[in-house]
Amino acid sequence: MTLRATPFHARAAEANRGNDWTVRNGCTLARVYSDAHEEALAARVRGVLADISWRWRELIEGARADEFLSHLATRDASKLEPGAALKALWLNDGGAVRGAGAIARYGKATFLLVSAAEDREWIASAAARFGVKMHDAGEGGLALIGPYAARVLQEAGLDPALEPLAVRKVFWRGTSVTLSRFGEHGGYEIWCAPDDGLLVWDRLMRAGAAFGLQAAGTEAMDILDLEAGIARPIRDYAPARDGFVKQPTPKSLGLEKLIDSTHQIFNGRSAYLAALETKTLIGLEIDSEMPAPHTPILRNGQAIGRTLSSHYSPALRRAIALAIVEESAAAPGTELALTLAPTAETPEFRNAIARVAALPFLPVPDSLSG
Amino acid sequence: MRYDVCVIGASMDGLAAAAALALAGLKVAVVERNAVPGGRAQTHEFHPGFRASPFLDELAPIPREIHWAFDLTRRGALFLSAAEPGTRIAAALARAFEEADAPPRRTAWFERTPPRRPWPGEELALCALADVTKGDLARPLEGRAADPALAGSALHLLVPCNGGMVAGGLGKLTEALAACARDAGVELTLGTDVTDIRNAKGRATGIGLADGSEIEARAVISTLDLKRTFLSLFQWDALPKPTIKRVSAWRMGGGTARVLFALEAAPAATREPIAIGFDAANLSASYAAWRAGLIPETPPTVLRLVSASDPSLAPQGAATLTATLGSIPFRLFDGAWTHEKRDALRDRALAAARTVFPNLGIAAAEVIAPPDIEEALGATEGDLWGGEIASDQMLDMRPGPRTEIHGLYLAGPSSASGPLATCASGVAAARAVLADMRAGRLK
Amino acid sequence: MSSSCDALVIGAGANGLAAAAYLARAGKRVIVVEAQNKTGGLCQSVKLAGDFSAPLAHTLYALDPRVVKELRLAGRDLKFAVRDLAVVGLRADGKHLVLSRDVHATARSIAAHSQADAKAWKPFRRELFSLARAARALWWEDGAFADARLEPFRRMSAAALLDGWFESDALKAALAFDATDGGLSPLEPGSALVLLWRAAQEMCGLQGAAAAIARGPQVLTDTLAEAALSAGAEIRTGARVAKILVTDGAAAGVALDSGETIAARIVLSSLSRRQTLTALLPDGEAGFGQHFASPRTGSAAVSLALKTLPEFSGSVAPRNARFILAEKMESYVAAHAAAAAGRLPDELTMELTIPSAADSSLAPLGQHIASVLVRPVPLAADPEQLEAKVIAALNRVVPGISAQIAAANVAVGADTTDVMRLAMRWNERLKTPLRGLMVLEEPVTAISGRAGRIAASLAAKENDT
C-alpha cells in the first residue's frame, strides 16, 4: 500500500503535529492538525485552508457532452453558460441516489464533474454511448473557508469577486489556477496543477497570516459539513450502486432540492416520482457531548429511524447528528431518545435525549467582503 | 404593577436568572445601572477600530446545559474555544443547585451547624496551589493576588477563567443572553440606578429606583456583591446585627488591573496567552507587595494578542493586545490612584510586552485600574470575584442563593456558585425562587 | 549482638521518655535508644562562654499536666522558675503592649493604642479560651471537633480572626507570633487553629500559660528519664537507629548503626513522620501514596550571653515576659515570603525571653542569657548574618545591647507543621501503615509529652488484643 500523497502533502506534514492522518478516496490526508474543534471554530472566526484534492474531479469532453449530462443529472446542465455550475444528483434506475456533485461548464463541449465519491465506471460507460470522453482533471485543490476568505484572496493577489456556483480560470502571478465557489461553506476552492501545489499553499498561507488563517483537517471539515446539515456519501449514506435498489431516496437524505422537477429526462426519473417515501432528513441535537453515529432512534420506545454521522459541535457545545426519521417525528423541537455507546470511562450503554433541530444547525460563516 | 421577580443588575448572572424565571412563566423585571448590560461581559471599543473585553478576556466556563437552555450559539455567541467546568467544579455546582432546590435552612449562611456534608472541592481549602498543580500557575492565577505557596491558594482552581474568548468580544455573549431574556418576556431597563431594596418586617418587597419610582415584586434577586447588596441597599437598622457584622468582616480580594493596547502593526501572530512573572518567587513577592498597598515591581502579567484569535477586534494590519495584571492593590499605601500611577501600570505592562514583542508600536493604551473596575461594575474594591478567594470564604462559606431577608436572593460573584461557573449563580437563584414559590413560601 | 523487648522507643526527648515511662509502668519491657550522647532532644541547653547555659526551648507551653501528675514529676524535682510569662509587644516607639493574665491591666495597656480594642480584649480572650477548652476533646483525647463554633477555625487564618476582633495593627502583630508556630504564615488557613491550640494548653494549672522550668528544660527530660528508669525501662545513649525492621507488614524491631539489632513488636519514633517512613524503613514498605509536606521555612534559636540585665526603652516592662518584636502584621507576610524564597527577611519577627531574670542558675551572678526565637527564617539561613540582624533589631529596643554580648550561639531548624494534620485525630496522627509502628507527632511541634502518653496507651491496648 503506497502513500498516495496529495500535492500539498509536504506542507500538511509540517503542520500535522500529532501525525494524525486518514485516507479518503485513496488520498492520504491530515485528519487533525492540532485540534479538530479549534480548527472547526477557526473556520467561523478567522479562516481555514483545507486540502480537498481527494474529491473526484472528471473532465467530460465531447460534442454531445451536454446531451449526456442532461440525461445523467437531476438538473439540466446543457443550459449552463461557460463559467457557471449547478449542483445535482444522479440516480440509479430505481430512483435512488447514486451520486451527488457539482457540474460546471468550461466551454461548449467541456464540462467538469466534481463529487465527494467516485463513480467512474458507471458514468464512463454511460458517457461512451454518447461518444463522450472522461478523464481525471488531475489537479490538487484547497478550500478556503471563513469570514476573511475574500480578504485573504485579495491579499494574495486574486480577485475574490466570484458568484456562488461560478468557476474561473486565472493566471495568478505566473501560475494557472482554477477558482470556484461550489462549496457549502461560503468559501472558495482553488485548484492547481500538482507541481504548483506547494507554491499555491505558501502564497495563500502568507496572505492569510494577518487573518489567522490555519490548516483544517478532515475531521474539522466533517464537523462543518454536519453543522451545515448536508448529508455526504460514504460518511452518512451508502450511495446506491446496485441498478434497481430503491434506497437511499433523495427525500430521505434531504436532497430533493437538488432535483429540478421540470427536467424531464434524467435517469431514474419515473422511479423517483413513483416512490412513496415517508422518511425525511432531520438534524438532532443530543443532550451530551458524546456523538452517536449510526444509532437507532426511539420515540416512546418505538424505533422510528437512525442517525447518520454524528460529531461534537464545538460551536453548539453538544453532539449533533444527521438522522433519517419518519416524517411524523420530524417537527423541530420533538424530543426523541437514543442510546450512547459504552466507552472506557463509561462502560455501559446510556440513554440520551435528542431534540429535532431545523437544518442547517448553524448558518454558513459570514463572509466579510471589501 | 407587581412583578414576580425583580433582578438588580443585568450581568450574565442577572440575565440568566431572569431568563430562567421568565421561561418558567414568571413576570420578571431586570434593572441595570449602566446603559449597556453585561457587567464583566462587555466589548469596548477603546480606540477607533480597536475592540476588547475590558475587564477579562475569558470568563469561567458556562455549564453546557445552561448554554443549551439559552441557545446562546444561535443567538450569536460563538466561543473560540469550548471549555467545560472541570469535574470538581461540576460536583460543587450540583451541590449548589441541590441546596437551591431544597427548602431553606433555618440558620444564616455564616452559621453552620454540624453535622455537615463536605462540599466537593473543599479538599483544596487547605492545600497550596503549587502543591496541587505542578504545571501552569498562570492560568489559575491570572489577574489575582495570591501566593501559590500558601495553604488555601489551591482554591483558585475552583475559580477558572478559561471559558474561552467569544467572537466579537464578551459583549456578544451578553447580547445573546439578553436576546434570550427578552424573547422570554423579561422587561430589561437600562441606565437606571437602584437606590435601595424595599423591605418591611424583615421581608423584601421590591426595589427603589433613582428616579423615585419603585418596583414591587414577590422576590428580589441581587447580583451585586455581598457588601454592596447589604451595606448600600439597606438601612442598617433593617438588618439583623449578626448579618451586618459578618458582611462588614467579609474580605475583598481585588487585585486585577488591565491595560488595553492598540498596536499600529500586528506582530507575529500568537493565539496563546503569554504569561510573564508567574514563577513562585515573583508571585510571592507580588502578593506581599499587594498586601502592603504597593504596586509590585514586576506584577504577574498575562498578555493576549486578542486580534490574532479574532481579527474583528482590530483593523486589518493592526492588532489589539490586552494585558491582565495581578496583585495590583485597590488601596495604595501612599494615596489615591492618580494619572501617574495609572501610567506606571501602563509602563509596567508595556515593559512586559516588549520582552516578547520588541519594537512594539503603540497607537493608544487604556488603563483600567481597580478603582475603575469598582466604578464601572459596582464591584467593591474592584474585586471581580466578589470576595477574597480564601479557605474561609469559599464554597459553603459563601452565601447561597437565599439570604436572611425573606424574599431576597443573592446571585452574582459573592455567592457560593458565583465564581465557579458563569450564569450558575443566576440559575441557582432562579431555582431557589421557583422552589420557594412552589412551596408557597413567597406570596 | 541482639536483644529484644516489648517496646522500642527511638529518641530520648520528652515524648519518647514519657512514652517509655508509661509503657514501663504498664509492665512492658521498654528500651529507649538515643543517637546523641545524652538525653533531652528539644529540651537541651547550649553552653556559652563556659558558664552560661542557654535553653534551646526558652519557654514551655504545651506540657501535658496529666503527664506531670501521673508520672509524679513534681516529686522528682521538676520545679518552675516562672509559671506564667506575659506577652509583651515591644514597640520601637516605646508604647509597649503588655498582655498578661490581668485582663484589666492588659486593657489599660491596649487603650494606649486603641480604645475599641481595649474594650474588645476581655470578650476576645473569654471566647478564645472557651473555644479552646471545647477543642480539648480533639487535642487532649482522641475526640473530634464537636462544637459548631470550631468548624470555621479549620479554614480561618489568624489574620482574619484577629482582624475580626481588633483594629490595632500593633496588637494584632503581638498576638500573631504564636500563630506562626510550626512555620505557617498568619494568612494561611490553620493559623487560627494554631492560636486556638496554644490557648488549649495548660501549664501549672493556668490555661494558655507559658512557663519556664527552673534550671532549664533539661530538668524535664531528666525527671522523665528517672520516671522511666524507675519503672524498669532501659535507656541507651550513643545508639543511632539505622533501620526499622519489618516482618509481614508489622514492625519487628530496629537495627542500630553499630550492627546490633533489638527485636520489638512496638516501635515508637520521635523522629518526623517523613524521616521515619522514608529514611528508616525499607523502600516501599510505607506505601507509595504517602505525601509529606516539605518544610518551607525554618526557625532559629539565637542565644546570647549578656554581661548585664537588659533595660528596655519606653514604658516599664516586666522581666518575666515573652517579648514579641514584630512591627506590624505585614512584617509576618513579608518575612514568610522572603524566608520561603530562601532570603533572610529584611525585618525579622521574633520572640525574646531573658530566662536568667527568674532563674539565676543559668548564668553567672549579675550576668544574663537572652534567648531569641526567630521565625520565619530561610532553611539555609546563614548563622552569622542572622546573628547580626538579630542584634541590630535588639539594639533598636534595647539601645547598647550589642556592647553587652559576651557570646552567641545560633541553631537553625526546619518548621514542619502540616496544615492538613492540625485537626487530625490522635489515632490517625500517630499510626503508620505498619502495624506496631507509631510516630510521636504533635499537632504543632512543641515539648509536650502528650503524644508519648497517648501513644503508650494506644500501643498497650493494641498489644493486648
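Which one of B:366, B:123, B:99 has the biggest mean-square fluctuation once chain B is modelled by GNM with Cα springs under 10 Å?
Answer for the Gaussian network model of chain B: B:123.
Could you give each residue of region A:25-30 its phi-based ³J(HN,Hα) in whole Hz, using Karplus coefficients 6.51, -1.76, 1.60 with θ = phi - 60°, and x for Gly or Pro?
Values per residue, Gly and Pro as x: 6, x, 9, 8, 10, 6 Hz.
Anyone know which of B:180, B:423, B:127 comes out most mobile in the 10 Å Cα GNM of chain B?
B:127
Could you tell me how many degrees, from 0 to 90 and to the nearest 10, lie between the Cα long axis of helix B:280-291 and the main elongation axis, the longest principal axis, of the Cα atoms of chain B?
60 degrees
Tell me whether chain B comes out rounded, prolate or oblate; compute the Cα gyration tensor, take square roots of the eigenvalues as a ≥ b ≥ c, and use a/c under 1.5 as the rounded threshold.
Cα axes put chain B in the prolate bin.
Which value in nm describes the separation of the simple spin-label points at residue C:206 and residue B:216, placed 7 Å from the Cα toward the beta carbon?
My value for the distance between the label points is 6.6 nm.
Can you give the local net charge around residue B:316? Use residues other than it whose beta-carbon is closer than 9 angstrom to its beta-carbon, Lys and Arg +1, Asp and Glu -1.
0
Ranked highest first by the average count of other Cβ atoms within 10 Å around their residues, in what order do C:217-228, C:92-103 fall?
C:217-228, C:92-103
Below 16 Å, Cα to Cα, which lysines can residue A:257 reach? Residues fewer than 8 away in the same chain don't count.
Answer for residue A:257, where 16 Å is the Cα cut-off: A:87, A:279, listed by chain and number.
Residue-wise, which Karplus ³J(HN,Hα) couplings in Hz belong to region B:144-161, taking 6.51 cos²θ - 1.76 cosθ + 1.60, θ = phi - 60°, and x for glycine or proline?
After applying 6.51 cos²θ - 1.76 cosθ + 1.60, I find 9, 10, 7, 10, x, 8, 8, 4, x, 5, 5, 5, 4, 5, 8, 10, x, 10 Hz.
Can you tell me the 0 to 90 degree angle between the C-alpha axis of helix C:218-230 and the longest principal axis of chain C, rounded to 10?
Once rounded, one gets 20 degrees.
What is chain A by shape, rounded, prolate or oblate, if you read a ≥ b ≥ c off the alpha carbon gyration tensor as root eigenvalues and call it rounded for a/c under 1.5, prolate for a/b larger than b/c, and oblate otherwise?
Oblate, since a/c reaches 1.5 and b/c is not below a/b.
Roughly how crowded by other chains is peptide B:263-271, in terms of the mean Cβ count from those chains within 10 Å of each of its Cβ atoms?
Taking the mean over all residues of the peptide, I get 2.
Beta carbons within 10 angstrom, averaged per residue: use that to sort the peptides B:388-400, A:254-266, highest first. All intermediate terms of the calculation are to be shown ahead of the outcome.
Working: B:388-400: 23.7, A:254-266: 14.9.
Put in order of decreasing packing, that is B:388-400, A:254-266.
How far, in nm, would the chain grow between residue A:337 and residue A:124 when pulled straight, counting 0.36 nm per residue and subtracting the alpha carbon separation?
72.3 nm
Hey, what do the phi angles of region B:179-190 turn into as Karplus ³J(HN,Hα) couplings, whole Hz, using 6.51/-1.76/1.60 and θ = phi - 60°, x for Gly and Pro?
3J(HN,Hα) across region B:179-190, in whole Hz: 4, 4, 4, 4, 4, 7, x, 6, 8, 9, 10, 9.
Name the most mobile residue of A:57, A:120, A:181, meaning the one with the largest mean-square fluctuation, in a Gaussian network model of chain A with Cα contacts below 10 Å.
A:120
Answer with one residue from A:162, B:202, A:339: the one whose Cα lies farthest towards the positive end of the charge dipole of the protein assembly as shown, charges on Cβ with Lys, Arg +1 and Asp, Glu -1.
With unit charges placed on the Cβ atoms, the residue in question is B:202.
With charges set only on the Cβ (+1 for Lys and Arg, -1 for Asp and Glu), what does the dipole of the protein assembly as shown come to about its Cα centre, in debye to the nearest 20?
2280 debye
Let me know the mean shielding of C:328-339 by other chains, meaning the per-residue number of their Cβ atoms within 10 Å of its Cβ.
Partner Cβ neighbours, averaged per residue: 4.
Projected onto the charge dipole of the protein assembly as shown (+1 at Lys/Arg Cβ, -1 at Asp/Glu Cβ, origin at the Cα centre), which of C:271, C:104, B:22 gives the Cα projection farthest towards the positive end?
Selected residue: C:104.
Trypsin sites (Lys or Arg not before Pro) within region C:416-465: which are DSSP loop residues with at most 16 other Cβ atoms inside 10 Å?
Values: sites: C:421, C:425, C:429, C:431, C:435, C:450, C:453, C:461; in loops: C:425.
When the trypsin sites (Lys or Arg not before Pro) of region C:416-465 are filtered for loop state and at most 16 Cβ neighbours within 10 Å, C:425 remain.
Sticking with the crude label model, points 7 Å out along Cα→Cβ, report the distance from residue B:268 to residue B:35 in nm, one decimal please.
Spacing of the two 7 Å Cα→Cβ label points: 4.2 nm.
Assuming R0 = 25 Å, what is the FRET efficiency of residue B:232 and residue C:167, from their Cβ-Cβ distance, to the nearest 0.05?
My answer for the efficiency is 0.70.
Specify the angular offset, from 0 to 90 degrees and rounded to the nearest 10, of the alpha carbon long axis of helix B:87-101 from the longest principal axis of the alpha carbons in chain B.
Roughly 20 degrees between the two axes.
What shape does the protein assembly as shown have by the C-alpha gyration tensor, where a ≥ b ≥ c are the square roots of the eigenvalues, rounded means a/c under 1.5, and otherwise prolate means a/b greater than b/c and oblate the rest?
Verdict is prolate for the protein assembly as shown.
Say a paramagnetic label sat at a point 7 Å from the Cα of residue B:438, along Cα to Cβ; which residues of region B:1-33 have their backbone N under 14 Å from it?
B:21, B:24-26
Give me the distance in nm between label points sitting 7 Å out from Cα along the Cα-to-Cβ direction at residue B:117 and residue A:244, one decimal.
Distance between label points: 6.6 nm.
Lysines within cross-link reach of residue C:28: Cα-Cα under 23 Å, excluding same-chain residues under 8 positions apart?
Partners found: C:69, C:243, C:431, C:461.
Per residue of A:280-292, how many C-beta atoms from partner chains lie within 10 Å of its own C-beta, taken as a mean?
Mean shielding by partner chains, rounded to a whole number: 1.
Can you list the GluC sites (Glu not before Pro) in region A:284-357 that are in a DSSP coil and have 16 or fewer other beta carbons within 10 angstrom?
A:289, A:345, A:348
About the Cα centre of region A:1-113, what is the dipole size in debye to 20, counting +1 per Lys and Arg Cβ and -1 per Asp and Glu Cβ, all else neutral?
80 debye
No lab work stands behind these numbers, since they all come straight from the coordinates. This one's a predicted model, so the numbers in the text were calculated from it and none came from an experiment. Positions of Cβ are generated from backbone atoms using ideal geometry, with glycine treated the same way; all protein chains shown enter the neighbour counts.
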